[in-house]
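**Q** Below: one structure in structure tokens.
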Amino acid sequence: MSVRTTQRRSHTRVAPTGAAGTLHGPAVTAKAHLLAPACVPTSVSVSAEEMHTLHAHNAPPMTLLLADTALYLGPLVTAFGETPHKNAKGKMRHQLVGRGWNRPMTDVQKWVKIGGKNGMAPVDVAVLLGGAYYMEAKEQTNQLFPAHKVGFVFDGDNLEPDTTPFSVLIADLIDAGHVVVAVKEDTEVSQGFYDGWIGLARRKPNFLFVSAPGIKKEKVTEAADGFVYYGTTYSGTKDYRFRPDGTSTQGYSEVEALRAHNNGGHSTHHLRFLRDGSMGNPLVVAAKASSMGTFP
């Protein structure tokens, strides 16, 4: 099933399933949706023995980081309460209620982070999702570590097919049966995040996971074996849109950080350009030297 087409149709608010007077649960008071759930997990159930096993089996740095820091690491579909509440700033949020650690995720041998630009102009999104750029992004993502079971992480961005093309790439990876983890920094998520991903999470509960609260995005990038940045090129201008004609855009601090690491000899990075060599291709692919011998 094509996520590019189905997600555009399903990008609408999802009604809570716990409707009053149904089999999903009893009727609730009129303003119950304004109250935050009382139960918030305080620790993830990763025992010292399990952590020792992960180290003994040379688990990748990302697995160790997630296991060591997350309050919850498991399916997104059971991570957050279905009924939203209003926080102190008046924003509707879904509170973390899930507990535990998902052991099958330890099968992942290499982790690749997916990043990109959001809030892009519709015309640029259409170009990125319409052909060669999108296929190249998928190809490079799948070929990064061809001999390993690869998992993917991202910063918990909303699924926004009309303005955020890299979120569509993430959705397609999930739909194709790849393990993907949304790393959140808080114990609650926005209505937009929940509504955008919950449909896919219910269809693919064994592939879309969440780590919450997670770690700062820079730490996640550093721990990943590879990095795919899709949605803009790089320069110092203040135009944040991808430009298919090759003119400069901005908004990829993570790529710049990776290049700084490269100067210190920590990583090797491979930047993909247009065939004529100009800086117009919205795809940046990077891999740690310690994670692979040769780049595809």
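**Q** For segment 126-149, name all the residues that are hydrophobic (A, V, I, L, M, F, W, C) and surrounded by fewer than 21 Cβ atoms within 10 Å (Cβ to Cβ).
**A** Hits for segment 126-149 are Ala126, Val127, Leu129, Ala132, Met135, Phe145, Ala147.
**Q** Next question. Just wondering, is there one or more residues in segment 80-95 that are of a type in the set (Ser, Thr, Tyr), touching a residue at least 60 places away in the same chain (Cβ under 8 Å) and surrounded by 14 or more Cβ atoms within 10 Å (Cβ to Cβ)?
**A** The answer is yes, given that some residue of segment 80-95 is of a type in the set (Ser, Thr, Tyr), touching a residue at least 60 places away in the same chain (Cβ under 8 Å) and surrounded by 14 or more Cβ atoms within 10 Å (Cβ to Cβ).
**Q** May I pose another question? Within the set of pairs 6+ apart or on separate chains, which have a first residue in segment 159-188 that is among the basic types (Lys, Arg), a second that is buried (at least 20 other Cβ atoms within 10 Å of the Cβ), and C-beta atoms under 7 Å apart?
**A** Lys184/Gly156; Lys184/Val210; Lys184/Ser211; Lys184/Ala212; Lys184/Gly214
**Q** Within segment 168-178, can one find any residue that is closer than 13 Å to Val77 by Cβ, crowded, with 20+ Cβ neighbours inside 10 Å, at pLDDT 90 or above and out of contact with any Ser or Thr (no Cβ under 9 Å at 6 or more places or on another chain)?
**A** Yes, because at least one residue in segment 168-178 is closer than 13 Å to Val77 by Cβ, crowded, with 20+ Cβ neighbours inside 10 Å, at pLDDT 90 or above and out of contact with any Ser or Thr (no Cβ under 9 Å at 6 or more places or on another chain).
**Q** Is it the case that some residue within segment 184-195 is touching a helix residue (DSSP H, G or I) at 6+ places or on another chain (Cβ under 7 Å), among the β-branched types (Val, Ile, Thr) and surrounded by 17 or more Cβ atoms within 10 Å (Cβ to Cβ)?
**A** The answer is no, given that none of the residues of segment 184-195 is touching a helix residue (DSSP H, G or I) at 6+ places or on another chain (Cβ under 7 Å), among the β-branched types (Val, Ile, Thr) and surrounded by 17 or more Cβ atoms within 10 Å (Cβ to Cβ).
The values are calculated or read from the model by the stated rules, or taken from the named source; none is laboratory data. For clarity, every value in this text was computed on a predicted model and none was experimentally measured. Here Cβ is always computed from backbone atoms with ideal geometry, including for glycine, and neighbour counts include all displayed protein chains.
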